[in-house]
Every structure is written in C-alpha cells, then in structure tokens.
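Read the structure below first, then the notes.
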C-alpha cells in the first residue's frame with residue numbers, strides 16, 4: 001500500500017467521522033436523542049444529565065476522530081509532495 005492510497009483512505013475517514021459528528025451534534029441540539037431515549041425507556045434521568053452525557057461523549061468522539069483520522073491524514077499530506 002503506497003502513501004497516496006493511505007492519504008485517500010484517511011481523507012475519507014476524516015470526512016465520514018466529521019459528518020457523523022455534525023449530524024450527532026444537530027441531533028443533540030434539537031433534543032432528538034433525549035426524546036427518543038425517554039420514549040423507548042432507555043433513559044430515566046433528567047434532561048440536563050442526558051445533555052451533559054451526550055456532550056461528553058461527542059467530545060470524546062471528536063478527540064478520537066482527530067487523533068485517529070485527521071492527524072494521520074495531515075501527516076501524510078505533509079509527507080507527500
């Protein structure tokens with residue numbers, strides 16, 4: 001596997017990860033996740049606790065996306081002339 005293929009792979013991984021992050025952020029902002037989880041009986045806590053938990057999970061996801069997809073893509077872009 002050459003560096004051009006790896007660069008393309010990490011580029012698409014980065015795009016997919018940040019699209020997922022954007023959609024999840026919109027769902028949290030509109031309280032779609034809270035409404036769904038309370039109707040299905042998965043969440044019995046308060047709305048603020050749910051929002052705090054989802055914001056922290058989105059933060060962890062963003063950190064992992066940056067570390068495992070954006071950073072290798074950036075490094076490969078700097079490496080390939």
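The values are calculated or read from the model by the stated rules, or taken from the named source; none is laboratory data. Everything numeric in this text was worked out from a predicted model, so none of it was measured. So basically every Cβ, Gly included, is an ideal-geometry build from the backbone, and we count neighbours across all protein chains shown.
Summary of values
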| item | result |
| --- | --- |
| Some residue of the range 57-78 being modelled with pLDDT under 95, loosely packed, with under 12 Cβ neighbours inside 10 Å and not in a helix (DSSP H, G or I) | no |
| Odd one out for residue 33, checked against (1) free of Cβ contacts under 8 Å to residues at least 60 places away in the same chain; (2) within 23 Å of residue 13 (Cβ to Cβ); (3) within 22 Å of the chain's Cα centre (by Cα) | (2) |
| Some residue of the range 10-19 being loosely packed, with under 10 Cβ neighbours inside 10 Å and in a helix (DSSP H, G or I) | no |
